[in-house]
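Novice: Just passing along the structure, written as structure tokens.
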Amino acid sequence: METTKRTTESSPSERIEPSPPFARRPVAETVKIQPVQIMSGLEKKVILITGASSGIGAGTAEEFAKKGSWLSLCGRNAQSLADVAKKCHEAGVPQDKILQVVGDLSQEADTIAAVEKTVAHFGRLDVLVNSAGILTTGGLEDLSLEDYDQQMNINTRAVLHIMKLSLPHLLKTKGNIVNVSSITGIRAFPGVVAYNMSKAALDHLTRSVALEVASRGVRVNAVNPGVIVTDIHRRAGMDDEKYKAFLEHGKTTHAMGRVGEVKEVAKPIVFLASDDASFITGQMLAIDGGRGVMCPR
Ligand SMILES: NC(=O)c1ccc[n+]([C@@H]2O[C@H](COP(=O)([O-])OP(=O)(O)OC[C@H]3O[C@@H](n4cnc5c(N)ncnc54)[C@H](OP(=O)(O)O)[C@@H]3O)[C@@H](O)[C@H]2O)c1
């Protein structure tokens with residue numbers, strides 16, 4: 001649509017001039033330009049991520065890298081960790097701002113080293129993301145006590161330990177924690193009794209610590225994913241055929257008619273860790289395509 005403007009009265013002949021719809025005007029006269037806000041307070045923040053070598057932890061590392069965060073990547077598999085570090089560097093994080101810490105969180109010394117090396121390298125810790133975890137299959141009748149101990153050791157005890165070690169540093173920075181739980185922490189599913197228990201305990205650990213530290217400026221939250229395509233199920237013993245059938249079945253067990261992708265969990269983790277979530281603590285965020293609110297009918 002053509003716009004018009006009236007020229008000044010002193011013009012030789014008063015006339016209506018057409019003016020182009022997108023005529024350039026001095027910017028300063030029209031709008032005040034704000035600096036572009038692309039970060040959510042995560043730029044140069046130090047993020048320690050366990051389970052960063054695979055699946056949700058690896059995807060989360062890449063999302064933080066896009067925000068300009070500095071990363072301490074923890075995992076057991078050194079090669080996978082190096083591959084994730086490379087992707088984070090390609091996303092713009094300087095090499096010396098990506099620390100790789102290889103260790104087994106079932107070993108207390110490795111858990112201590114993960115926190116100590118992070119703080120020694122960066123001088124601070126702002127965010128702890130606990131994504132390392134294993135899935136032990138078996139109902140009560142099948143489960144051995146060894147399997148139970150291993151499940152609880154990695155998914156709950158090691159998380160409590162690393163939270164405890166990280167807390168003094170997070171209190172200094174008014175940082176936060178995001179635990180990667182599961183929809184199995186909120187709802188019980190048959191055939192994975194120890195896993196269910198480990199995640200229910202993790203959820204209550206999250207709430208409990210959130211209350212302990214809320215008034216001191218530290219937030220603690222969890223995400224509770226439904227089925228997400230990663231290696232965890234195959235590591236738990238599913239062969240390719242069973243996994244394919246499991247994902248197909250997932251179309252009926254998730255209200256949205258599909259299972260989830262890593263980035264669909266990684267992005268909410270980054271949100272919870274960011275200043276955008278500054279008034280959120282003690283929460284379990286189900287990221288499950290509606291699975292947790294479904295009822296049989
Ligand atoms: N995928 C899902 O459907 C789903 C759903 C709900 C919740 N979750 C939760 O999401 C988290 C991440 O799982 P994922 O699906 O991303 O699985 P994944 O691809 O198998 O990744 C698991 C990660 O945990 C690390 N890890 C396992 N045991 C460890 C140990 N003893 N010490 C140190 N690191 C250890 C692995 O390290 P290495 O590879 O280096 O050995 C790997 O980085 C887990 O807590 C899981 O319970 C997953």
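Novice: So, restricting to helices (runs of 4 or more DSSP H) that lie completely within region 166-251, which ones have at least 3 residues that are in contact with a strand residue (DSSP E or B) (Cβ under 7 Å, 6 or more places away or on another chain)?
Specialist: In region 166-251, the matching helices (runs of 4 or more DSSP H) lie at 183-186, 193-213.
Novice: Could you tell me which of the residues Thr230, Thr206, Thr253 is within 27 Å of Ser80 (Cβ to Cβ), more than 10 Å from the ligand (Cβ to nearest atom), hydroxyl-bearing (Ser, Thr, Tyr) and at pLDDT 95 or above?
Specialist: Thr206
Novice: Then there is this: Quickly run through region 252-297 and pick out the residues that are out of contact with any strand residue (DSSP E or B) (no Cβ under 8 Å at 6 or more places or on another chain), under 18 Å from Gly41 (Cβ atoms), in a helix (DSSP H, G or I) and of a type outside the set (A, V, I, L, M, F, W, C).
Specialist: Selection gives Lys267, Asp275, Asp276.
Novice: Report whether or not Leu140 is away from the ligand (no atom under 16 Å from the Cβ) and surrounded by fewer than 22 Cβ atoms within 10 Å (Cβ to Cβ). Talk me through it step by step, then tell me what you get.
Specialist: Numbers: away from the ligand (no atom under 16 Å from the Cβ): yes; surrounded by fewer than 22 Cβ atoms within 10 Å (Cβ to Cβ): yes.
The answer is yes for Leu140.
Novice: While we're looking at this one, here's another question. Which of the residues belonging to region 83-108 are within 12 Å of the ligand (Cβ to nearest atom) and surrounded by fewer than 16 Cβ atoms within 10 Å (Cβ to Cβ)?
Specialist: Asp83, Asp104, Gln107, Glu108, listed by residue number.
Novice: Any chance you could count how many residues in region 180-200 are crowded, with 19+ Cβ neighbours inside 10 Å and small (Gly, Ala, Ser)?
Specialist: 5
Novice: For region 238-268, give me each residue that is closer than 18 Å to Ser54 by Cβ and loosely packed, with under 12 Cβ neighbours inside 10 Å.
Specialist: The answer is Asp240, and nothing else.
The values are calculated or read from the model by the stated rules, or taken from the named source; none is laboratory data. If you're wondering where the values come from, they're calculated on a predicted model, not measured in any experiment. When we count neighbours, we look across all protein chains shown, and the Cβ atoms used for this are built from the backbone with ideal geometry, even at glycine.
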